[in-house]
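Below: one structure, written as structure tokens.
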Amino acid sequence: MVALARSPRPLPQVADDTFAFDVVDGLQATPKRVPAKYFYDDTGSQLFERITDLPEYYPTRCEMRILRAHAAEIAKLIPDGAALVEFGAGANKKARILLQAAPNIGLYVPVDICGEMIEREAAELRLDFPQLTVLPVAADFTQAFDLPAEAKAAPLRVGFFPGSTIGNFEPHEAAGFLRHAGKILGARARLIVGVDLIKPAEVLNAAYNDAEGITAQFNLNLLTRINRELGGNFNLDCFEHHAFYNRERHRIEMHLASLKRQKAKVAGETIEFRAGETIHTENSYKYSTEKLAALARGAGWRPLHAWNDERKYFSIQAFELADEMPPLRAAE
Ligand code: AVI
């Protein structure tokens, strides 16, 4: 199995002791950090949905526009009877566009850690697409999981990984995920990935520092969650949302900055903060089409096509599994 941090998006069912361990471990490290996957409790998931509608947060709108504009072309990559496997399916708004454009898809397999949600979404999809077989899989898609027998028996499998969730992985984890996806999808597989592109820092900084302060609430909600679930006593008035574009590493970094020297208790441990010290809560890597293609090539995928919006803010890229996997490098 690939060594990956777990999915940055889904998580409500992560066991409490793992949460406690990861948080205490991260807060005792230097510099302090907490994995981004812990943003997504109920409130965090709702705040993320609000983020996707913000005027400054362009990625979701751009990706939907690209999907709508090129749906017919993208759908040609999904042959009759193929299984469409979505990694981290969530509310499957984006998959619906593909399902509409490719009526001959054999079956749709949404994979998400939150089993309840994908069952609910699957029931709605079955009403809207009565011809379609929908077989949800409740699993952490970054770990080994079994596809339903019907998907294994399909002529081929097409992976779908939208939303630039790949950008929340460290680059070596992203390569590990792509390799892992190839193993799950199997021979002659195709993969459609949505990725946020490198662009002027002002645009990026605005997207993660919205005027309404929803991204700040999303970031600070992590402390609320720690207080509630791990008996923490963080004073939210004493921390501030920081998000900035790190040009050298092509990533937005999100942090929670301590406004003063202070202590907080978490799961029985005392954590000390210097004034200005931060907890690093998320990286959101931005790619060029070439860089993502190179990463995918190294993980055994051959680039087929890339669709961008007119401003080149976002890209949807299609790949095909190469016959031979390149050798594994040490970092993966
Ligand atoms: C889920 N992920 C792709 C989002 C992103 O843009 O990296 C999460 C997010 N963080 C702050 N705003 C949105």
May I ask you to list pairs of residues, at least six apart or on different chains, whose Cβ atoms are under 6 Å apart, with the first in the range 234-260 being basic (Lys, Arg) and the second being part of a loop (DSSP other than H, G, I, E, B) and away from the ligand (no atom under 13 Å from the Cβ)? Lys260/Ala275
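Out of Lys265, Lys286, Lys312, I need the residue that is touching a His at 6+ places or on another chain (Cβ under 8 Å) and of a type outside the set (Val, Ile, Thr). Which one?
Testing whether each residue is touching a His at 6+ places or on another chain (Cβ under 8 Å) and of a type outside the set (Val, Ile, Thr) leaves just Lys286.
Looking only at the range 84-118, which residues are in a helix (DSSP H, G or I) and under 23 Å from Thr52 (Cα atoms)?
Lys93, Lys94, Ala95, Arg96, Ile97, Leu98, Leu99, Gln100, Gly115, Glu116, Met117, Ile118
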In the range 302-315, what residues are in contact with an Asp or Glu (Cβ under 7 Å, 6 or more places away or on another chain) and open to solvent by less than 40 Å² (accessible area, probe 1.4 Å)? Phe314
Taking only the range 147-169 into account, find how many residues are aliphatic (A, V, I, L, M), more than 11 Å from the chain's Cα centre (by Cα) and crowded, with 16+ Cβ neighbours inside 10 Å. 5
Given the condition touching a helix residue (DSSP H, G or I) at 6+ places or on another chain (Cβ under 8 Å), among the small types (Gly, Ala, Ser) and at pLDDT 95 or above, answer yes or no: does some residue in the range 129-138 qualify? no
Given the structure, is Ala206 outside any helix (DSSP H, G or I) and over 16 Å from the mean Cα position of the chain (by Cα)? no
Where a residue in the range 27-55 is over 24 Å from Thr278 (Cα atoms) and open to solvent by 20 Å² or more (accessible area, probe 1.4 Å) and its partner, wherever it lies, is within 11 Å of the ligand (Cβ to nearest atom) and in a helix (DSSP H, G or I), with Cβ under 7 Å and at least six apart: Arg50/Ile214
Show the residue pairs that are 6+ apart or on different chains and have beta-carbon atoms under 7 Å apart, the first residue being within the range 267-286 and under 30 Å from Ser164 (Cβ atoms), the second being part of a strand (DSSP E or B) and open to solvent by 60 Å² or more (accessible area, probe 1.4 Å). Thr278/His242; Ile279/Arg33; His280/Arg33
Here is a check on your reading of the model: is Ala243 within 12 Å of the ligand (Cβ to nearest atom) and of a type in the set (Gly, Ala, Ser)? yes
Might you let me know whether the range 58-76 holds any residue that is part of a loop (DSSP other than H, G, I, E, B), closer than 24 Å to Glu212 by Cβ, out of contact with any Leu (no Cβ under 6 Å at 6 or more places or on another chain) and modelled with pLDDT of 95 or more? yes
Restricting to the range 34-62, name every residue that is touching a strand residue (DSSP E or B) at 6+ places or on another chain (Cβ under 6 Å) and closer than 19 Å to Phe169 by Cα. Val34, Ala36, Pro59
In the range 229-238, how many are more than 15 Å from Gln217 (Cβ to Cβ), of a type outside the set (A, V, I, L, M, F, W, C) and not in a loop (DSSP other than H, G, I, E, B)? 1
Within the range 199-232, considering residues that are more than 12 Å from the ligand (Cβ to nearest atom) and among the β-branched types (Val, Ile, Thr), the one nearest to Tyr58 (Cα to Cα): Val203
On the basis of being under 24 Å from Thr60 (Cα atoms), open to solvent by 10 Å² or more (accessible area, probe 1.4 Å) and in contact (Cβ under 8 Å) with a residue 24 or more places away in the chain, does Asp196 make the cut? no
List the number of the failed condition for Leu99; all other conditions in (1) modelled with pLDDT under 95; (2) away from the ligand (no atom under 16 Å from the Cβ); (3) open to solvent by less than 20 Å² (accessible area, probe 1.4 Å) hold. (1)
With Ala144, Ala139 as the choices, which residue is open to solvent by 60 Å² or more (accessible area, probe 1.4 Å) and within 18 Å of the chain's Cα centre (by Cα)? Ala144
Which condition breaks for Glu248 when tested against (1) open to solvent by 70 Å² or more (accessible area, probe 1.4 Å); (2) in contact with a strand residue (DSSP E or B) (Cβ under 9 Å, 6 or more places away or on another chain)? (2)
Which residue out of His180, His172 is over 14 Å from the mean Cα position of the chain (by Cα), surrounded by fewer than 20 Cβ atoms within 10 Å (Cβ to Cβ), away from the ligand (no atom under 14 Å from the Cβ) and outside any loop (DSSP other than H, G, I, E, B)? His172
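The values are calculated or read from the model by the stated rules, or taken from the named source; none is laboratory data. This structure is a prediction, so every number in the text was calculated from the model and none was measured. So basically every Cβ, Gly included, is an ideal-geometry build from the backbone, and we count neighbours across all protein chains shown. Each accessible area value is taken on the protein alone, full model and side chains, heavy atoms only, with ligands, DNA and RNA left out. Shrake-Rupley method; radii C 1.70, N 1.55, O 1.52, S 1.80 Å.
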